[in-house]
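Take a look at the structure set out below.
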Amino acid sequence: MKKDRLLILGFDGTHPPFFEEWVEAGHLPVIGRLMKEGAYGHLRSVANMGSPAAWSTFATGVNPGKHSIFSFTQRDFSSYNYIFVNGAFRTSRTFWEILCGERTGCVINVPMTYPAQKINGCMIAGFDAPGVDSKGFCHPEGLLSEMRSEEHTSELQSHS
């Protein structure tokens with residue numbers, strides 16, 4: 001395995017002591033190994049640990065005042081209606097935009113990443129997407145169809 005590879009796993013809405021207890025009890029051996037051999041820590045990125053602000057801070061390294069994502073919704077001051085926030089509202093660069101300028105990367109199901117960015121690699125948007133069939137859900141555009149056809153092919157092969 002190449003030493004210059006990076007894998008980041010994030011678990012939204014979890015309570016870290018549960019993972020620690022389950023790892024200690026031997027119920028999550030792979031997670032335990034990753035925690036032991038890699039880096040592991042509790043989220044302390046933003047005071048408001050709501051998913052939109054926290055994940056956007058994780059992705060950009062700056063606080064919500066600089067990346068502009070605070071919550072799931074914000075006011076449209078022209079109509080005073082609420083509008084749903086997604087990754088397109090972010091005003092700061094993500095670490096994968098920076099890294100994927102030099103390297104190939106894959107970003108999968110990270111909250112606040114819709115529409116998927118055109119990075120050097122692939123991206124599957126997070127839960128801020130309207131749906132898996134939404135335009136802009138994946139980059140490259142045909143990725144989801146390709147994955148579905150591979151899944152279908154694998155299912156057919158396993159039943160024969």
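List of remarks:
Condition check ((1) closer than 30 Å to P130 by Cβ; (2) more than 17 Å from the chain's Cα centre (by Cα); (3) crowded, with 16+ Cβ neighbours inside 10 Å) across all residues:
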position: R5; (1), (2), (3): no, yes, no
position: G10; (1), (2), (3): yes, no, no
position: T14; (1), (2), (3): yes, no, no
position: F19; (1), (2), (3): no, yes, yes
position: R33; (1), (2), (3): no, yes, no
position: S56; (1), (2), (3): yes, no, yes
position: S79; (1), (2), (3): yes, yes, no
position: S92; (1), (2), (3): yes, no, yes
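This table checks each residue for (1) closer than 28 Å to W96 by Cα; (2) of a type in the set (A, V, I, L, M, F, W, C).
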residue	(1), (2)
A25	no, yes
L43	yes, yes
S56	yes, no
H67	yes, no
F70	yes, yes
S78	no, no
N86	yes, no
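- Test result for I69, among the hydrophobic types (A, V, I, L, M, F, W, C) and within 16 Å of the chain's Cα centre (by Cα): yes
- When the range 39-54 is filtered for residues that are open to solvent by less than 50 Å² (accessible area, probe 1.4 Å) and either of a type outside the set (S, T, N, Q) or more than 22 Å from the chain's Cα centre (by Cα) (or both), the ones remaining, listed by number, are V46, G50, P52, A53, A54.
- Top-ranked residue of the range 115-127 - restricted to ones that are part of a loop (DSSP other than H, G, I, E, B) and open to solvent by less than 30 Å² (accessible area, probe 1.4 Å), ranked as nearest to T57 (Cα to Cα): G126
- Within the range 137-149, the only residue that satisfies the criterion of being at pLDDT below 95 and in contact with a Phe, Trp or Tyr (Cβ under 8 Å, 6 or more places away or on another chain) is L144.
The values are calculated or read from the model by the stated rules, or taken from the named source; none is laboratory data. From a predicted model like this one, the values you see are computed outputs, not experimental measurements. Positions of Cβ are generated from backbone atoms using ideal geometry, with glycine treated the same way; all protein chains shown enter the neighbour counts. Each accessible area value is taken on the protein alone, full model and side chains, heavy atoms only, with ligands, DNA and RNA left out. Shrake-Rupley method; radii C 1.70, N 1.55, O 1.52, S 1.80 Å.
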